[in-house]
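The next block holds one structure in the form of structure tokens; read it before the comments.
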Amino acid sequence: MQFSWKEAIKKLPAKARDCLRGAGRRVRQAAEGLPPLPEWTVFLSLPLALVYYEFLFKLSTAGRFTLAGTVSVLLFSLCYGGVLCVPASVPRKQVHRSRLLLGLLGLTALPYLIEYFVYRAFHVFYDLNTVLGGVQDAVGGFGGDILHLIFSVDGLVHIFLYFLPALVFAYLRGSLFVPRGNAGVLLRVLGGAAAAFLAAVLLVAASPLQRRLYRQDYSFQSAIREFGLLSALRLDAGELVFGTPVRFDMEPPAATPTTAPESEPTPAPGDEPAPTPTPAPVVYAPNSLDIDFAALAATASGTQADLDAYVATLTPSLQNEYTGLFAGKNLIFVSAEAFCAEVIDPELTPTLYRLATRGIRFTDYYQPASAGTTGGECANLLGVLPMLGGRSMKNIPGHALPFTLGNQLNALGYYGMAFHNNDYTYYDRNLTHNALGYSQGFMGYGNGMEAYVTDQWPQSDLEMIEGTLPLYLDHQPFNIYYMSVSGHSPYLLGGNAMSVKHWDEVQDLPYSDTVRAYIAANLELEDAMAYLVTTLEEAGIADDTVICLTPDHFPYGLDIDSGGLGQMKNLEELYGAPVNDYLYRDHSCLLLWSGCLEEREPVTVSSPTFSLDILPTLSNLFGLAYDSRLLPGRDVFSDAEALVFDTSHDWKTDLGTYIAESDTFTPADPDAVIPEGYLERIHSAVRNKLNYCRGVLSTDYFAHVLSAQTAAP
């Protein structure tokens, strides 16, 4: 839908329209009487406009100001604005120079306006990789929401505010003589721009946090908050064009706590107990492949050699008492659209509650969100964070993917299929999901799923399960993947078929209509899981089937017209607590269940876990041959250290939580003694794991690894 200023102005209240027209007339009248302004004021127009854009953008999105960040944004903006003034002074004719400057004022507002609406819709900024790799799909899926945002009063006001410098210049253009810059003027302008840039870089270097976020721990999200949108785009464009060197830190060794043994009373003569035979300790083998990564690094070059050298420094985690617990069983893996732990309720969602409490319980689970649904699938299925944004999954066709569950179980003769009840070409799933190793391929709406689900929005998870379950039920062992869609936004009765279907079940809940509509949409997933479990039990294979269910991301569609952290009123209502950092925003749930687990003692995982831990944990539970050093997550039952992290370098361990944006560490136990050097060691570990994720996604690294394994005698 093409934007029209006339239509937008018509939507404004009559008083607002009259006010705008009156203001325009007064500005014109005032401008006609103004003398021409000195040329130096014109050369400040773009720098000042960029400063205005940056601070308006920060106020309307991230909203967090620090002294160092504010000064950095100011200096970088003055630099970019000064550089942009140069081409505006090149044309010979005054009218052309004036039009070019006006055009630059309008064009520089566009990225701010686009990212503003993206942030309001998805609560994340879209880096260039995501814009190039997936924005058309994301915007297509949220097209109605974004149009609603644009044509809301708030959206129209922000459009006006972002184009205000261009509008003011257009009104004043008759009184503003845009000089043709001579060599002396241009040198002074460029010199001022260079001085501003140098001052900004020196300020960044003087601040430990900014220095780390500018280079070592760079992320697009953090760069916007600390250095401004244009600086983030500049740094991101540099990574896109020149590539990002994959550098790894030498991680300090973990401190081993030592405690003195407690003294025991010496027994009196004759009271010595009879010696008890000591059972031989169980010796577990490492989860690793027979590959000499140090030797492999010597034969490689570039990023792959760096990855080899890094992996060579890692110690594989050990197998354990849970190794092979699910060996030979069927697997059904569900990535649930925008699902969260707060939906689970013993009365409202009894089947989901059963899966969450009578299987393996995860009490501190996280699903980091940075690239929407495709980023969540990247973490769930590939076991790496989407460091290439929207291109992370789109890069995988043609790459060797030996450790996906599709490929690992397909090699054991499993019958495999992947399903999605929305458009089968969305996010290129017709290519990416056929590359995941499922033996029978991928089916979505448009290449088979339309035979089973109704054409509505969103489509029914229950209909998908009902229609597809007969396709594989008799092909044991089977390995099935579902990407659901019933929990998708918008969460309102006017545009969500699932919310309408289940409204009677939620209308008396003590929430706002938006939150009730969200819960109602997710009740279709409850019905789907109830049908699935019942059918498995009736077929007598529930004990031989594993269900793994986890979200793709937090429900960002709840606050489609709200700001960022601290302003997500619907999400906070659902969570029952303020949402002031990304880790808490992304807390979620992992449901891992099999009928056979209900006969065992309950198993609870209380250490911090996240989506990257799913692949190594399932690989160990199914007794698969994999190398734990090649997956940045951990088998949660192994001896590996618990570590949750996201693309912004926030992290959490058993000892505490670190938030990068505020550079704060909060111990889990206020009385605990944190080992010396602990924070720096975890910083290095997180940095290395993120660089490893980037290297794996940007190169065909596992093909390189497999070639070494094949060449081994």
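Regarding the stretch 564-703, what are the three Cα extents along the principal axes, ordered largest first, in Å?
Taking max minus min along each principal axis of the Cα atoms, the stretch 564-703 gives 43, 40, 33 Å.
Kindly identify the stretch 504-650 as rounded, prolate or oblate by the Cα gyration tensor criterion: order the square roots of the eigenvalues as a ≥ b ≥ c, call it rounded if a/c is under 1.5, otherwise compare a/b with b/c, prolate if a/b is larger, else oblate. If you can, show how the numbers build up before the last one.
On the way: a/c = 2.64, a/b = 1.24, b/c = 2.14.
Oblate.
Report, in debye and to the nearest 20, how large the dipole of the stretch 324-640 comes out about its Cα centre when Lys and Arg carry +1 and Asp and Glu carry -1 on their Cβ. Can you show the working numbers first?
Numbers: 14 positive and 39 negative charges, 219 e Å.
Magnitude of the dipole: close to 1040 debye.
Assign one of three labels to the stretch 391-459, namely rounded, prolate or oblate, based on the Cα gyration tensor with a ≥ b ≥ c the square roots of its eigenvalues; rounded applies when a/c is under 1.5, prolate when it is not and a/b is larger than b/c, and oblate otherwise.
Values: a/c = 3.10, a/b = 1.55, b/c = 2.00.
Oblate.
For the stretch 324-640, what class follows from the C-alpha gyration tensor (a ≥ b ≥ c being the square roots of its eigenvalues): rounded when a/c is under 1.5, otherwise prolate if a/b is larger than b/c, else oblate?
Numbers: a/c = 1.33, a/b = 1.26, b/c = 1.05.
It comes out rounded by the Cα gyration axes.
Using mean Cβ contacts within 10 Å as the protection proxy, how do 415-426, 436-447, 658-669 order, highest first? Can you show the working numbers first?
Numbers: 415-426: 22.6, 436-447: 20.4, 658-669: 15.4.
Final packing ranking: 415-426, 436-447, 658-669.
Would you calculate the convex hull of the Cα atoms in the stretch 345-399 and tell me its volume per residue in Å³? Kindly include the intermediate steps, with their values, before the conclusion.
Numbers: hull volume 6.6 nm³, N = 55.
Once divided by residue count, the hull of the stretch 345-399 is 120 Å³.
Using 0.36 nm times the number of residues separating Asp474 and Asp292, minus their current alpha carbon distance, what extension gain do you get?
Numbers: separation 182, 0.36 × 182 = 65.52 nm, distance 4.18 nm.
Stretched out fully, the Asp474 to Asp292 stretch lengthens by 61.3 nm.
No lab work stands behind these numbers, since they all come straight from the coordinates. As the structure is a computational prediction, the values presented were derived from the model and not from experiment. Note that each Cβ is placed from the backbone with ideal geometry, even for glycine, and that neighbours are counted across all protein chains shown.
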